[in-house]
Amino acid sequence: MTNTDSRFYYPNRFIKSRPYLNRFISKINSRQDLSPYFDLIVSEVQGQSRLDPDLRFDQSRLNERMVTEVENIYSYAKFVKSGSNIFSFSKELLSMLDKTDVEEIQFENIKQPFKDYYVSFRELEKNLTGEYMDYEHKLDGAYISHEIENVLIIHLTGYNDNKTSTNWYFHPDFSNINSLNFKSAHGTVKEALDYLQGELIKVAEKAPKELAPNVDRTFKEYSENIKLLINCLLFLSSQYNDSKRDYPSDTPGVLKTKLSKVNSKTQRATIDNELRNNGFTKINFLGSSFRDKKNTDGHGDVATHWRRGHWRNQPFGQEMKERKLIWIQPTIVRADKGEPEKGHLYNVSE
């Protein structure tokens, strides 16, 4: 499976595995709107749980699975309502953004392309630890929602292409939701992460000892992934114009042909809706110009290492009163001496 396939992306895999959602997904504007369909969702989850006769049906697991299922449905519904926008970043660009400092960025600097959308990190192939996972996962991406002032709702997702079964009841993809609360427009990423850590500690203190999460490990993983996400959002509104929008390669040709031939907005909307209902939506591909590119700095007789990137708040405009963020990319110092030690990152001051 490649990044040009529709199933490469979590939202598309989600709707393809649950076609029953097309009956009502367009009517969901809040969690309360799911209430009339709750029995239907329970029935579908129970039905899925019985498809594998070798695995035991567990009522307590059903309750736990329903909570996750409802959150997934709501995130997907918001995503569809805002236009089903997916941003797919190249591995090379993600690797550089992952080496860029972001803690001092304020909420007001983070511009949202849509109210709800999905960012894919899948090309990075980054491991996910997670709590209580039965098998290995890698980071797929995140739904981003901006429905509360000065808060980013981040729904992280994971994947495992080596699962022995496609049964999503017994073999679910990783899914976890956190709110990054900046308190105000001037709040920084570091302050929001500190607040999140405090909330995780409160949850751990209330949990039974045998179920209490490893807060240090969990927060380390959350913060790393959230920092990468913030860097991706900053890149979307930066000076770089490196984006291509296209349907996945496995989109039915007959529908793509029909779409290219119609002129009526109504007809186009009908075909777009049919494509979306079958799990096909245009992908915004970013970072192709970064493929096979190395940022190097050959100065100084020092060991090869990465110099971390950062964002500069650059003055511009009349009397230099306006500001815009400029990405100062990470660079490999002394690349002529070989590859930098894997995982060894240096701060700008080092």
**Prompt:** Only one residue in ARG61, ARG23 is modelled with pLDDT of 90 or more, of a type in the set (Lys, Arg), surrounded by fewer than 18 Cβ atoms within 10 Å (Cβ to Cβ) and outside the structural domain of HIS146 (by TED's automatic domain parsing). Which one?
**Reply:** ARG23
**Request:** Might you let me know whether region 130-145 holds any residue that is part of a helix (DSSP H, G or I), under 26 Å from TRP311 (Cα atoms), touching a Gly at 6+ places or on another chain (Cβ under 8 Å) and at pLDDT 90 or above?
**Result:** no
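Look at region 158-203 and say how many of its residues are part of a helix (DSSP H, G or I) and of a type outside the set (Phe, Trp, Tyr).
First, pick out the residues of region 158-203 that are part of a helix (DSSP H, G or I): 189-203.
Imposing the further condition that a residue be of a type outside the set (Phe, Trp, Tyr) reduces the set to 189-194, 196-203.
Going through region 158-203 one residue at a time, the tally reaches 14.
Here is a check on your reading of the model: is THR100 closer than 30 Å to SER184 by Cα, of a type in the set (S, T, N, Q), over 16 Å from the mean Cα position of the chain (by Cα) and buried (at least 20 other Cβ atoms within 10 Å of the Cβ)? Break it down into steps so the answer makes sense when it comes.
Values: closer than 30 Å to SER184 by Cα: yes; of a type in the set (S, T, N, Q): yes; over 16 Å from the mean Cα position of the chain (by Cα): yes; buried (at least 20 other Cβ atoms within 10 Å of the Cβ): yes.
When the stated conditions are applied, THR100 passes them.
Being part of a helix (DSSP H, G or I) and aromatic (Phe, Trp, Tyr) is the filter; apply it to region 1-20 and report the residue that is surrounded by the most Cβ atoms within 10 Å (Cβ to Cβ). Spell out how you get there, then give the answer.
Kept after step one, since they are part of a helix (DSSP H, G or I), are these residues of region 1-20: 6-8, 10-17, 19-20.
Those still in the list that are aromatic (Phe, Trp, Tyr) too: 8, 10, 14, 20.
Numbers: PHE8: 23, TYR10: 28, PHE14: 20, TYR20: 13.
It comes out as TYR10.
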**Asked** From the list LEU51, LEU93, which one is at pLDDT below 95, among the aliphatic types (A, V, I, L, M) and assigned to a loop (DSSP other than H, G, I, E, B)?
**Response** LEU51
**Message:** For a quick check of your reading of the model, give me the residue pairs whose first member lies in region 230-259 and is assigned to a helix (DSSP H, G or I), whose second is exposed (fewer than 14 other Cβ atoms within 10 Å of the Cβ) and aromatic (Phe, Trp, Tyr), with beta-carbon atoms closer than 8 Å and at least 6 apart or on different chains.
**Reply:** none
**Prompt:** Filtering region 217-276 down to residues that are under 19 Å from the mean Cα position of the chain (by Cα) and among the small types (Gly, Ala, Ser), which residue is farthest from TRP311 (Cα to Cα)?
**Reply:** SER243
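Under 18 Å from SER237 (Cα atoms), at pLDDT 90 or above and part of a loop (DSSP other than H, G, I, E, B): does that describe PHE114? Can you show your working first?
Values: under 18 Å from SER237 (Cα atoms): yes; at pLDDT 90 or above: yes; part of a loop (DSSP other than H, G, I, E, B): yes.
The answer is yes for PHE114.
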**Request:** Would you check if there is a residue in region 31-41 being touching a Lys or Arg at 6+ places or on another chain (Cβ under 9 Å), modelled with pLDDT of 90 or more and either of a type in the set (Ser, Thr, Tyr) or not in a helix (DSSP H, G or I) (or both)?
**Result:** yes
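The values are calculated or read from the model by the stated rules, or taken from the named source; none is laboratory data. Here the structure is a predicted model, which is why all the values come from computation and not from measurement. We place every Cβ from the backbone using ideal geometry, glycine too, and count neighbours over all the protein chains shown.
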